[in-house]
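Reading through the structure tokens given below for one structure.
The values are calculated or read from the model by the stated rules, or taken from the named source; none is laboratory data. In this text the structure is predicted, and so the values were computed from the model without any measurement. Cβ placement follows ideal geometry from the backbone for every residue including glycine, while neighbour counts extend to all protein chains displayed. Just the protein is used for accessible areas: all its heavy atoms, side chains included, with ligands, DNA and RNA removed. Shrake-Rupley method; radii C 1.70, N 1.55, O 1.52, S 1.80 Å.
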Amino acid sequence: SFGITAGVSLANIHIKAESISVSGDSKIGLTAGMFADVALSENFSFQPALNYVKKKKKNEISDVNYESKVKLSYIELPLNLVYKPEMQKLRFFVGVGPSIAYALSGKEKEKENGISNTYTYKFGNNPDEHDLKALDFGANFLTGIETPGGFLVALNYNLGLSNLAPGSPSDDGTIKSNCFGFKVGYKLKGKK
């Protein structure tokens, strides 16, 4: 069977360099996608998905009157193994699997002492030319409920495992991303 989902994302980017650690504040973004549900047995299924995810974060330094807002857009491919125990009506599900995300675009708006500036991110692996790596590998965790009619509500957490800093970690420290997603969706019933 196949389905569609839409909802909100709550993402953050963690930066570590030497003794400095910066996370910023998570901001709400949008997410939408489609998925397939391939039955492996009565209670297990393989559930690949293709999602668009908008990741946002905000940094503020009150001492110097500085603020920045980052918006990153990704196409994400989670590959979940899902377990669905037998239940009477509502069906609970839980899943886990690897994920691959590819950056489509990124922008940062900075405001310091009343002066605003907008910067467009460049993606690649050259520390002299790029801001972030385009590919992000992670682990995805999923849970939710599904009605007999095919409507579903799901919560997922995507833990970024890749260092997104271009070049080697010793040069630029580490940049890692994580994201919560809350989605509603509808699954079309497939043939048995």
Residues being in contact with a Lys or Arg (Cβ under 8 Å, 6 or more places away or on another chain), more than 20 Å from residue 132 (Cβ to Cβ) and open to solvent by less than 40 Å² (accessible area, probe 1.4 Å) - total across the range 44-83: 1
From the options 109, 89, residue that is in a strand (DSSP E or B), open to solvent by 30 Å² or more (accessible area, probe 1.4 Å) and either touching a Gly at 6+ places or on another chain (Cβ under 9 Å) or not hydroxyl-bearing (Ser, Thr, Tyr) (or both): 109
Residue pairs meeting the criteria (Cβ under 7 Å; at least 6 apart or on separate chains; first closer than 15 Å to residue 179 by Cβ and modelled with pLDDT under 95, in the range 1-19; second assigned to a strand (DSSP E or B) and of a type in the set (D, E, K, R)): 9/54; 9/55; 11/55; 11/56; 11/57; 12/57; 13/57; 14/176
Pairs where the first residue, in the range 139-158, is under 14 Å from residue 4 (Cβ atoms) and the second is at pLDDT 95 or above and hydroxyl-bearing (Ser, Thr, Tyr), C-beta under 6 Å, 6+ apart: 150/186; 151/186
Matching entry among 55, 27, 84 (being modelled with pLDDT of 85 or more and either hydroxyl-bearing (Ser, Thr, Tyr) or under 16 Å from the mean Cα position of the chain (by Cα) (or both)): 55
